[in-house]
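Reviewing the structure listed below.
Bear in mind these aren't lab numbers, they're just calculated from the coordinates by the rules spelled out. Bear in mind that the values here come from a model prediction, so they are computed numbers and not experimental data. Using ideal geometry, Cβ is built from the backbone for each residue, glycine included, and neighbour counts are taken over all protein chains shown.
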Amino acid sequence: MSELIVFVFSDEKGASEMDEVIKRLQKEQLINLDDAAIVVRNHDGKVKVKQAVNLVGAGTVGGAFWGMLIGLLFWVPWLGLAIGAVTGAISDKFTDYGINDEFINEVAGTIEPGGSALFLLISQWTEDKVLGELSKFNHKVVRTSLSKEEELKLKAAFGAGQ
């Protein structure tokens, strides 16, 4: 089962900097993510959301493959490729995987101007090593899908249950 954790930072760069560490930890196979998003609230109050996974691009590639394969069967591979790519892009544009967009927007509304947040949907992680790397950041855990006991343990690991 995946676990959702939302980290909030008092500055605009905090979430991006933690995201860089998360990417390194993924390469080291210490954490596997189902989804991630970075939210930045500018000093003027405007919110920018950056999804970590581009689902439209993935759908386009998958659709192109299947379209070309079917096109080969009917001797029109280029037409199949084009139709498959368009179909894949459209279907993934309207499909919402991972972290719910409404939830991201709800939490984004609570971030102070000049702040940022990192949303992680974790499928698997080596908890002690990941927490050790992330404890170096000045952040606050605001939401999780963990049990109350696990959430308190997580918050305690980041500094006296912020």
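Structure notes:
- Karplus-based coupling profile of region 12-19, in residue order and whole Hz: 6, 8, x, 5, 5, 5, 5, 4, with θ = phi - 60° in 6.51 cos²θ - 1.76 cosθ + 1.60 and x standing for Gly or Pro.
- Approximate spin-label separation Asn105-Thr126, in nm, with each point projected 7 Å along Cα-to-Cβ: 4.0
- Modelled FRET efficiency - R0 30 Å, Glu12 with Glu133, Cβ distances, 0.05 increments: 0.90
- Peptides 130-139, 20-29 ordered by average Cβ neighbours within 10 Å, highest first: 130-139, 20-29
- Extending 7 Å from the Cα toward the beta-carbon at both Arg24 and Lys140 defines two label points whose distance is 2.7 nm.
- Among Lys48, Lys140, the order by Cβ neighbours within 10 angstrom, fewest to most, reads Lys48, Lys140.
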